[in-house]
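The values are calculated or read from the model by the stated rules, or taken from the named source; none is laboratory data. In this text, all values refer to a predicted model and were calculated from it rather than measured experimentally. Cβ coordinates were reconstructed from backbone atoms using ideal geometry, including for glycine residues, and neighbour counts include every protein chain displayed.
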């Protein structure tokens with residue numbers, strides 16, 4: 001109903017020839033969210049030789065694809081630049097029937113690409129072509145309550161084996177305290193994708209690899225099963241008020257989660273006192289040498305295929321928006337651009353909220369994103385089906401391992417209906 005209402009409103013605006021759908025042939029039309037609007041307007045002011053119009057768009061999932069679909073139908077009104085708060089929509093906009101996102105390789109030189117943290121642009125590369133530039137990233141780290149760790153006499157685990165043992169110990173010695181949560185994207189992205197479980201490995205715009213029987217999936221099920229049974233790992237979303245209440249009660253010992261959890265969950269939602277929260281690298285899986293990170297969040301910029309002669313100007317603009325150190329250093333979340341992340345970290349290093357400077361851990365995690373986390377067109381189902389299969393099994397007291405095949409089936413169906421051939 002909401003999407004239908006949006007379409008009706010947009011059709012009305014297009015018919016009247018006003019609003020963001022109307023643009024002149026030499027105008028660079030830029031759609032961004034509220035957070036990115038000041039930066040886009042700053043760029044426009046600094047380039048008076050360009051006719052740039054900045055339009056603030058809501059960050060709702062599906063909003064940009066809906067409006068691009070309308071532009072496709074009317075044959076006009078495509079924005080030359082869009083910011084996606086839901087980066088997986090890159091794959092939607094790049095593929096038929098949208099055919100909107102343009103490959104950027106011609107306009108983004110190698111030195112610019114190499115200036116981003118290693119692996120951060122991998123999801124933007126689909127079928128060998130670069131379709132987006134990442135503004136910010138959300139690598140997962142092991143957040144923990146340093147005060148509780150000291151009080152309980154525990155050591156921060158460096159391996160997943162130790163994490164599991166500590167979680168079971170916590171359940172026995174301090175029932176009611178948590179070492180993590182596995183709801184939706186926080187379970188699928190932090191634990192499973194962080195392990196390398198192939199649920200969204202985009203091989204091209206039309207091919208994807210899915211296999212939840214892979215050992216990198218089953219080892220996560222084996223890890224989480226006893227922790228979930230002991231209620232040391234929750235099935236409630238960290239953004240749920242019920243989970244926030246646990247945080248406010250000081251019941252979170254550890255919480256593997258994205259980089260933004262520190263500033264946007266522990267501080268305002270969980271309301272922990274300064275000097276308690278710290279970050280550690282994600283634990284290492286047996287047989288591996290690196291502490292790989294999953295990811296949950298971040299945004300990207302995309303350029304339109306319809307930009308024509310404005311394509312280079314559009315690419316130059318998103319390059320500046322994602323790599324200008326002064327701009328990026330002041331943004332709220334962790335920059336994908338390495339030099340910007342360094343500058344961003346200087347202010348964070350002195351933040352008294354943290355028990356210790358979290359920036360070195362965040363930087364390490366940013367450079368160790370687990371490969372295989374692709375931007376896919378079945379993003380919404382990827383999240384919802386995890387809860388409807390894996391989390392549902394936990395709730396019903398059934399084994400997670402048995403739910404993996406159900407999750408695989410749901411993912412395969414979603415991928416196929418989204419135009420993928422599953423490998």
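Going by the structure shown, is residue 320 in contact (Cβ under 8 Å) with a residue 24 or more places away in the chain and closer than 30 Å to residue 72 by Cβ? So residue 320 fits the description; yes.
Each residue in the range 87-117 was checked for being under 22 Å from residue 332 (Cβ atoms) and at pLDDT 95 or above, and 6 of them qualify.
Let's see how each residue does on (1) over 20 Å from the mean Cα position of the chain (by Cα); (2) at pLDDT 95 or above; (3) not in a loop (DSSP other than H, G, I, E, B):
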position: 38; (1), (2), (3): yes, yes, yes
position: 41; (1), (2), (3): yes, yes, yes
position: 49; (1), (2), (3): yes, no, no
position: 79; (1), (2), (3): yes, yes, no
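Checking each residue in the range 254-310 for being under 21 Å from residue 364 (Cα atoms) and out of contact with any helix residue (DSSP H, G or I) (no Cβ under 8 Å at 6 or more places or on another chain) picks out 260, 261, 262, 263, 264, 287, 288, 289, 290, 297, 298, 299. Scanning the range 394-404 for residues that are touching a residue at least 12 places away in the same chain (Cβ under 8 Å) and either under 26 Å from the mean Cα position of the chain (by Cα) or assigned to a helix (DSSP H, G or I) (or both) yields 394, 395, 400, 401, 403, 404. When 349, 367 are screened for being out of contact with any helix residue (DSSP H, G or I) (no Cβ under 6 Å at 6 or more places or on another chain) and closer than 23 Å to residue 144 by Cα, only 367 passes. In summary, strands (runs of 3 or more DSSP E) completely within the range 216-307 and bearing 2 or more residues that are at pLDDT 95 or above, assigned by TED's automatic domain parsing to the domain that holds residue 196 and surrounded by fewer than 24 Cβ atoms within 10 Å (Cβ to Cβ) occur at 277-280.
Here's the yes/no breakdown for (1) in contact with a strand residue (DSSP E or B) (Cβ under 7 Å, 6 or more places away or on another chain); (2) within 30 Å of residue 274 (Cα to Cα):
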site: 100; (1), (2): yes, no
site: 103; (1), (2): yes, no
site: 111; (1), (2): no, no
site: 126; (1), (2): yes, no
site: 135; (1), (2): yes, yes
site: 144; (1), (2): yes, yes
site: 164; (1), (2): no, yes
site: 186; (1), (2): yes, yes
site: 190; (1), (2): yes, yes
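For residue 337, state whether it is in contact with a helix residue (DSSP H, G or I) (Cβ under 6 Å, 6 or more places away or on another chain) and either at pLDDT below 95 or within 30 Å of residue 27 (Cα to Cα) (or both). In short, yes.
Being in a loop (DSSP other than H, G, I, E, B), assigned by TED's automatic domain parsing to the domain that holds residue 38 and either within 22 Å of the chain's Cα centre (by Cα) or surrounded by 22 or more Cβ atoms within 10 Å (Cβ to Cβ) (or both) holds for only one residue in 319, 333, and it is 333.
Only one entry of 141, 170 meets the criterion of being within 17 Å of the chain's Cα centre (by Cα), touching a residue at least 60 places away in the same chain (Cβ under 8 Å) and within 30 Å of residue 227 (Cβ to Cβ), and that entry is 141. Please report, ordered by residue number, the helices (runs of 4 or more DSSP H) entirely within the range 118-187 with at least 2 residues that are modelled with pLDDT under 95 and closer than 25 Å to residue 378 by Cα. Helices (runs of 4 or more DSSP H) meeting the threshold: 184-187.
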